[in-house]
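The values are calculated or read from the model by the stated rules, or taken from the named source; none is laboratory data. Just so it is clear, the model here is predicted, and its values are computed rather than measured. Note that we place each Cβ from the backbone using ideal geometry, even for glycine, and neighbour counts take in every protein chain shown.
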Amino acid sequence: MLENNPKLRIFLSAVLGFAGGNSLSTAVFPFATALLFKTESFDMLGPLRLALPLAALWAAGAAFVAVRRGVMTGLATMGICGLISGVALGVFSFGMAGPWWVGALVGVVYGGIGGLILGTVFKK
């Protein structure tokens with residue numbers, strides 16, 4: 001079904017990417033940083049205003065994966081989206097002097113895994 005309808009494939013991929021970017025901003029990043037730094041996860045919800053722009057970035061990256069197709073394309077594209085998102089969340093939460101790299105690490109791992117899944121679903 002998705003093989004014969006590229007517009008549906010791109011739309012579904014963008015929806016999945018939007019959901020992944022939103023969950024990184026609102027759930028995964030606050031939970032991971034709360035576990036690593038032994039703080040309340042509610043304290044890490046400061047960058048919540050970045051959720052919509054970062055989810056849009058992830059939607060665009062996922063749509064690109066649906067167009068280009070392939071596991072490595074998904075890994076690279078969504079890993080880069082995760083890196084950009086993680087750095088933005090980390091810098092916004094901790095500042096440049098703090099451990100912003102934690103956000104980058106969380107974003108790359110989460111984006112890479114999501115990209116592998118998307119790339120496998122939409123492989124050539």
- Does the range 75-100 hold any residues that are on the phi < 0 side of the Ramachandran plot and modelled with pLDDT under 90, and which are they? Leu89, Gly90, Val91, Phe92, Ser93, Phe94, Met96, Ala97, Gly98, Pro99, Trp100
- Flagged pairs (Cβ under 7 angstrom, 6 or more apart or on separate chains; first in the range 59-74, at positive phi; second in a helix (DSSP H, G or I) and not charged (D, E, K, R)) are Gly70/Gly119
- Across the range 16-38, what is the number of residues that are at pLDDT 90 or above and either among the hydroxyl-bearing types (Ser, Thr, Tyr) or outside any helix (DSSP H, G or I) (or both)? 1
- Query: Does the range 90-111 hold any residues that are closer than 27 Å to Arg9 by Cβ and either surrounded by fewer than 18 Cβ atoms within 10 Å (Cβ to Cβ) or among the aliphatic types (A, V, I, L, M) (or both), and which are they?
  - Reply: Val108, Val109
- Note on the structure: When the range 67-89 is checked residue by residue, the ones that are buried (at least 16 other Cβ atoms within 10 Å of the Cβ) and in contact with a Ser or Thr (Cβ under 8 Å, 6 or more places away or on another chain) are Val71, Gly74, Ser85, Leu89
- Might you check whether a residue that is within 12 Å of the chain's Cα centre (by Cα) and more than 15 Å from Gly107 (Cα to Cα) occurs anywhere in the range 32-44? no
